[in-house]
1. Return only the number of the condition from (1) at pLDDT 95 or above; (2) more than 23 Å from G150 (Cα to Cα) that E278 does not satisfy.
2. Out of the residues in region 220-247 that are acidic (D, E) and part of a helix (DSSP H, G or I), which is surrounded by the fewest Cβ atoms within 10 Å (Cβ to Cβ)?
3. I need a count of the residues in region 322-366 that are among the hydrophobic types (A, V, I, L, M, F, W, C), in a loop (DSSP other than H, G, I, E, B) and closer than 17 Å to E418 by Cα.
4. Among the numbered criteria (1) surrounded by 18 or more Cβ atoms within 10 Å (Cβ to Cβ); (2) over 26 Å from S176 (Cβ atoms), which single criterion is violated by K369?
5. Can you tell me which condition Y279 does not meet? The list is (1) closer than 24 Å to L359 by Cβ; (2) buried (at least 18 other Cβ atoms within 10 Å of the Cβ), and all the others hold.
6. Can you name the residue in region 184-203 that is under 18 Å from K410 (Cα atoms), out of contact with any His (no Cβ under 9 Å at 6 or more places or on another chain) and among the acidic types (D, E) and is also surrounded by the fewest Cβ atoms within 10 Å (Cβ to Cβ) among such residues?
7. I'd like the full set of residues that are under 26 Å from A91 (Cβ atoms) and either of a type in the set (A, V, I, L, M) or in contact with a Cys (Cβ under 6 Å, 6 or more places away or on another chain) (or both), limited to region 245-297.
8. Which count do you get for residues in region 204-219 that are surrounded by fewer than 18 Cβ atoms within 10 Å (Cβ to Cβ) and either assigned by TED's automatic domain parsing to the domain that holds T13 or of a type outside the set (A, V, I, L, M) (or both)?
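The values are calculated or read from the model by the stated rules, or taken from the named source; none is laboratory data. From a predicted model like this one, the values you see are computed outputs, not experimental measurements. Glycine also receives a Cβ, built like all others from the backbone with ideal geometry; neighbour counts cover every protein chain displayed.
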Amino acid sequence: MKIHFLGAGSEVTGSNYLVEAGGKKIIVDCGVFHGPEYESLNYEPWAFDPSQIDYVIITHGHLDHVGRLPKLVRDGFAGKVFCTAGTRDIAEPLLLDSLHIMSEDEDVENRGKLFEFEDLDKTLSLIETVEYQDETSLGGDDSFHFVDAGHILGSASVVLTLEGKKIVFSGDLGNSPAPILRDPVSPKEADYVVMESTYGDRVHESGNERQEVLKNIVLDNIAKKGWLIIPTFAVERAQELLYELNLMAESGAIPQIPIYLDSPLADKVTQVFIKHPEYYDDDMRALIEAGDDPFYFKGLKFIKSSNESRALNDKPGPGVVIAGSGMVTGGRVRHHILHHMGDENSTLLFVGFQAQGTLGRLILGGKKKIYFDNKTVTIRGEVKSISSFSAHADRDGLMNWVDKIGGDKKRVFMTHGEEEVTRILAESVKEKFGLDTYAPKLGEIIEL
């Protein structure tokens with residue numbers, strides 16, 4: 001039995017694992033690589049023959065876990081794809097949006113698209129949805145089941161049972177406690193664990209502290225009559241922000257001001273959230289049963305067209321703009337930064353992980369003069385961040401998750417984290433729990 005670590009090795013994108021056992025070849029996740037240092041990897045040949053893959057199992061709908069799946073299909077894969085219903089409905093608009101972006105960038109990049117519309121259609125036709133805890137046969141005595149990962153809507157950890165061994169793939173684990181979704185579940189037992197380590201070197205603020213910090217940032221922005229620009233991911237982060245701002249607006253903690261969700265993709269994803277209440281936690285259900293709409297409140301407006309988006313630049317503050325992309329690698333947030341962040345009364349608030357080499361990482365790291373989209377802006381406004389809005393578990397959450405997994409855990413593999421972070425988490429888990437830990441490099445093959 002072998003695991004090929006073909007993505008998310010010493011960095012946080014491109015999740016892709018090949019498991020070989022008993023003559024079967026199973027892919028867990030098939031994500032794209034983000035960031036200028038890694039994007040070229042998306043165009044390299046597969047380290048395997050796609051036509052020889054028996055099954056693909058997807059943990060959740062983020063592009064760094066599902067974004068190359070249509071390319072895999074284009075290149076010959078024709079087997080079953082397993083994921084939850086929530087993952088399928090999240091992945092579809094994200095993959096379609098990715099294709100539109102590739103179509104616009106094709107001439108600039110001069111590399112062509114990873115896949116075409118027909119490849120996406122065929123991919124969706126191969127998907128078979130499976131819900132948490134449902135044991136699904138992979139032939140013979142081999143099987144798998146999902147447990148709730150609490151990361152985004154429909155996200156799951158995978159428990160593979162192959163040749164009598166249990167291999168757990170964490171996928172991305174949620175930041176507990178968080179609004180809307182249930183907390184991550186630790187599988188009952190495992191022989192081997194492959195786990196993410198994105199925030200394995202730090203501890204997030206508490207939920208109450210996060211709400212207080214966000215409220216104070218909004219109130220400070222109102223006092224300065226500036227704009228609060230929040231780069232955000234369309235999935236989970238945008239919905240959590242709406243949830244928190246809804247609570248503040250409904251309770252009177254903040255006055256009514258214009259708040260714009262300037263992301264058609266986030267709007268579509270919000271509709272998916274509304275479609276799937278089966279994934280909600282008890283607090284979210286109670287809010288809805290009490291008659292509150294957590295995704296709408298007075299002062300909130302959904303921006304549709306690009307003309308509407310640019311028209312916001314002519315409006316006086318104070319106001320809040322929530323727009324993609326979350327790492328400022330593209331999307332409408334870029335023109336809001338260009339227009340507003342030269343003003344010392346405006347604030348740029350990061351609420352998610354900023355990968356190495358991204359524009360968001362540069363700004364968050366303190367770079368003041370930024371050149372993009374053929375323009376230069378000097379950042380004069382404040383730049384702030386709230387790490388606990390991340391949909392990823394922090395160090396304590398990750399360690400608690402792996403500790404609660406029963407069975408004879410022979411080895412824990414640390415992936416999906418920057419090199420130094422995976423090293424720190426690996427040492428912490430080894431020291432506290434006495435487990436054998438290891439951080440594989442990209443392309444490494446390990447025999448179990």
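1. So the condition that E278 fails would be (2).
2. Keep residues of region 220-247 that are acidic (D, E), which gives 220, 236, 240, 244.
Next, only the ones that are part of a helix (DSSP H, G or I) stay: 220, 240, 244.
Working: D220: 15, E240: 22, E244: 20.
Result: D220.
3. From region 322-366, those among the hydrophobic types (A, V, I, L, M, F, W, C) are 322-323, 327-328, 333, 337-338, 341, 348-351, 353, 355, 359, 362-364; that's our starting set.
Right, trim to in a loop (DSSP other than H, G, I, E, B) and you get 327-328, 341, 351, 353, 355.
Then keep just the ones that are closer than 17 Å to E418 by Cα; that gives 327, 353, 355.
So the answer is 3.
4. (1)
5. Exception for Y279: condition (1).
6. E189
7. Across region 245-297, the qualifying residues are L261, L265, A266, V269, V272, I274, M284, I288.
8. Number of matching residues: 8.
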